[in-house]
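No lab work stands behind these numbers, since they all come straight from the coordinates. This is a predicted model, so every value here is computed, not measured. Heads up, the Cβs are rebuilt from the backbone with ideal geometry, glycines too, and the neighbour counts pull from every protein chain shown.
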Amino acid sequence: MRTLLGVALATMLATSLAPMRAPSPVDAQVPTGALRTIITRSDALLRVQRDARGEHAGVVKARARLLREAKQYAALPMVAVTDKKRVLPPSGDAHDYYSLSPYWWPDPTKADGLPYIRRDGETNPESKRDLDQPRVSQLGERVQAFTLAWWLTGDRTWSDLAMRQVRTWFVDPATRMTPHLRFAQLVRGNPQERGSGIIDTRSFIEVVDAIGMLERAPGWTAADGDALREWFRLYNSWLLESPNGTHERAAQNNHGSWYAAQTASYALFVGDTARARDVVTDAKDRIARQIRPDGTQPEEMARTRSMHYHNFNLEALSRLAEIGRTVGVDLWSYTTPTGVSLRSSVEMMVPFVGKTSDWPGTQIDDVNVADMLRTMRRARLALGTSAYDSVIESLPPDMVATDRSLLLFWSGT
């Protein structure tokens with residue numbers, strides 16, 4: 001296996017160091033047929049590809065915004081875990097992922113501020129400076145934008161950029177990330193490793209999802225697939241076997257849900273369908289523990305950003321439900337003997353989308369309404385109902401017409 005990875009790395013490095021191709025006209029039509037995406041539905045992607053190429057009025061604004069964003073990202077350097085210059089992890093190795101827990105601040109009662117203390121919901125700007133959490137978010141955003149831009153236009157410029165970004169983070173020896181998260185979301189003054197930092201790499205789900213499209217692109221090779229699947233095999237083994245992962249798997253709130261969404265996604269990506277099925281099946285117990293019959297989520301409602309975290313947990317559980325479609329476990333229709341379901345928690349949120357002031361819990365900052373829109377659109381597509389149309393249509397028209405969620409969950413209407 002190591003030999004295979006070494007060959008794959010060498011092949012991919014040669015490809016990644018080749019000169020970037022100049023912007024080109026539209027290449028040959030992208031092949032059709034079922035995709036090996038992890039989260040985004042193949043049929044929705046094929047519909048939106050067809051309609052975007054056909055200039056369907058319903059998607060042209062969202063496609064135009066996507067292309068504007070992709071052009072902005074194209075003007076920037078590739079993002080890499082090795083970009084950090086001033087602050088290195090305890091190992092001293094820039095290839096090791098390093099972040100600080102965002103809600104921890106200097107203790108004002110201590111001269112040196114150590115150890116830091118927690119202020120739930122209040123992000124310390126220090127956690128965003130020359131550390132890897134913002135970078136990993138940019139990674140997921142850029143790979144998805146570049147890949148969709150290629151998928152909708154056929155212009156190989158975009159798929160080349162997506163591949164280059166994927167290789168930079170995961171494959172090229174000079175910039176690749178070591179497949180572990182020992183130094184994620186550390187707290188200053190506390191030397192212990194923290195499993196809670198595993199949530200940082202939820203953006204990797206966008207990456208493996210995008211690869212389900214990119215493997216159809218010109219320039220993608222078998223070595224690409226081999227090297228990436230080996231990286232994610234090693235990474236998922238660390239998530240599943242390390243004390244950090246054991247801690248996060250036991251989390252009763254959104255952290256546990258995102259751990260499950262990640263491990264199921266990566267298992268499916270590397271071909272371990274049985275593992276993915278087990279994780280999704282176990283999510284039935286998560287739904288039973290995390291959601292009440294009225295749809296509320298006690299662990300998330302206790303937070304200072306309770307509306308945000310209510311939706312954030314739904315995002316993780318919904319991704320597990322989408323994986324369930326592939327592995328034969330129906331979470332979207334699952335209801336516990338006490339009447340608890342994923343659907344009921346989505347529907348509990350409907351009256352409050354775009355109306356934060358009416359929310360029954362504490363919410364100390366503004367909620368990203370686009371996140372709520374994504375939840376409503378995913379549920380509409382998954383549940384095959386127009387019941388969510390009215391809340392979607394009540395949101396700002398420009399957001400509804402241009403948000404990327406329209407392209408990801410396109411129903412053809």
Fill in the blank from the handout: Expressed to two decimals, segment 84-210 has a Cα Rg over Rh, using the Kirkwood radius, of 1.06
Practice task
Rank Ser344, Ser394, Ser318 by mean-square fluctuation in a GNM of the chain with C-alpha springs under 10 angstrom and give only the top-ranked residue.
Solution key: Ser394
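Would you mind checking Lys61/Lys84; Lys84/Lys355; Lys61/Lys284; Lys85/Lys110 for any pair whose Cα atoms are more than 31 angstrom apart? Walk me through the intermediate numbers first.
Details: Lys61/Lys84 36 Å; Lys84/Lys355 39 Å; Lys61/Lys284 38 Å; Lys85/Lys110 28 Å.
Pairs exceeding the cut-off: Lys61/Lys84; Lys84/Lys355; Lys61/Lys284.
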Handout entry: Cβ-based charge dipole, segment 60-145, positive-most Cα from Ser127, Gln138, Thr82
Key = Gln138
Completion exercise
Calculated from DSSP helices alone, with each H run of at least 4 adding -39500 (n - 2.57) and the total divided by the residues of the chain, [θ]222 nm to the nearest 500 comes to -16500 deg cm²/dmol
Handout entry: Nearest-20 debye value, segment 142-185 charge dipole, Cβ charges on Lys, Arg, Asp, Glu
Key = 160 debye
Problem - Listed peptides 205-214, 133-142 by packing density, highest first (mean Cβ within 10 Å) - result: 205-214, 133-142
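Projected area of the chain, taken from the Cα convex hull and averaged over every viewing direction, in nm²? Don't skip to the end; give the middle numbers.
Numbers: hull surface 81.1 nm².
That works out to 20.3 nm², a quarter of the Cα hull's surface.
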Practice task
Quick one: among Leu239, Leu114, Leu342, which has the greatest mean-square fluctuation in a GNM of the chain with alpha-carbon springs under 10 angstrom?
Solution key: Leu114
Exercise for the section: Taking the dipole about the Cα centre of the chain, with the C-beta of Lys and Arg at +1 and of Asp and Glu at -1, give me whichever of Gln192, Trp150, Thr273 is farthest to the positive side. Expected result: Trp150
Fill in the blank from the handout: the chain, Gaussian network, Cα under 10 Å: of Ser237, Ser99, Ser265, the residue fluctuating most is Ser237
Handout entry: Relative contact order (percent, whole number), segment 247-396, Cα cutoff 8 Å, 6+ residue spacing
Key = 23 percent
